[in-house]
Structures are given as structure tokens and as C-alpha cells.
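The values are calculated or read from the model by the stated rules, or taken from the named source; none is laboratory data. What you see is a predicted model, and the numbers here were worked out from it, not measured in a lab. Cβ coordinates were reconstructed from backbone atoms using ideal geometry, including for glycine residues, and neighbour counts include every protein chain displayed.
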Ligand SMILES: [Zn+2]
């Protein structure tokens, strides 16, 4: 069942957070050339907003495994896609906001219907968008205990800093460094693919 109150809070978040205007960059795919993944402010406050508002993406409050505050479940076929959010989720906390931006980036890729694409590259895009969001607001997250995650966040922060200083096209080298950091995570396999079939 979807949660109307949570949905309203997410819509408010998407339509009022000024930091979205800084999330504007392109990242080159190494796997699907010559594809450039692109994110831009309207992806959040217009496209993802509309998808959630119209229930093309259902918002679901759900007890999730430890360490997972939220996740996006892209379902192939006639079923609604689902944004699952932990009952502990606190939208006033910058770290949780960043997680939400991360998940909304996955929704944005799904909306675009680019087809099956590298899971690791999708994560690279989502971590970078989250890092831009956080740095643009001068917000900070606590230090991550897991060294693999800490390395991912640090690498994404480095890219975010360049984007905030005017870089639009992320270099292949920077993208590769982040994808490599992500591939060290046990849940992500090099060959795994994520669907993107519209919402
Ligand atoms: Zn992700």
C-alpha cells in the first residue's frame, strides 16, 4: 500500500530544495558507448516529481534490511515501480536527503527508458548526484564506518567538487575511478544490468 503522507512530504522535498539546481552533469558510459548519462535539475523537480505525483512510481513505507534507508525497485512489465522508504526515514537529516537524491537519480534513469544498462554505472551517477546535492548545500554527512562505502563517497565528493566548480562533462578517468570504487562493493557485479523501461 502506498503512503499518502510520505508521498506528500517527498513531493514537497522535490519541489522546494534549491540544491537541485546544481545537479547538472553528464557522465560517459564505458560499457555502452557512445552513451552519456545525463542528469539535470528538471529531472528531479519535474520528471521524478510527476512520476511520484501520478503514482507511476509508488511510494511505500517499508521495513528495510539494516543499513538500507531507501531503495528503488524498478519493475519490468505492467506493475508500478516502487520507491521503498524505511519508517526511520528523516527528511530533515542531510544524509537521508542525500540517499533520497540517490534513489531519485535511479528513478530518473528508469523514466528515460534507456534499456538495460550497467548497474555499476547507474550507481556512479546516483552517488555523484547525491554528492553534488550535499556539497551544494554546504551539508556534511558523518564519516562512513564501512571503508568501501567511505571510498565511494570520497571519490564521488571529488567529482562533485569539480561539477560545482563548472565541470559539465565528467572525465572518463574520474568516472572509471568511481565505478572501480563501486565495484569493490560486494552487492555490485561488473556484469550486472539494471532495467530502464520507463515508469
Ligand atoms: Zn543506488
So which strands (runs of 3 or more DSSP E) stay within the range 32-127 end to end and still have 1 or more residues that are within 14 Å of the ligand (Cβ to nearest atom)?
-> 36-39, 70-73, 81-85
Go through the residues of the range 6-23 one by one and say whether even a single one is within 16 Å of the ligand (Cβ to nearest atom) and either surrounded by 20 or more Cβ atoms within 10 Å (Cβ to Cβ) or within 15 Å of the chain's Cα centre (by Cα) (or both).
-> yes
Quick check: anything in the range 76-93 surrounded by fewer than 16 Cβ atoms within 10 Å (Cβ to Cβ) and either touching a helix residue (DSSP H, G or I) at 6+ places or on another chain (Cβ under 8 Å) or at pLDDT 95 or above (or both)?
-> yes
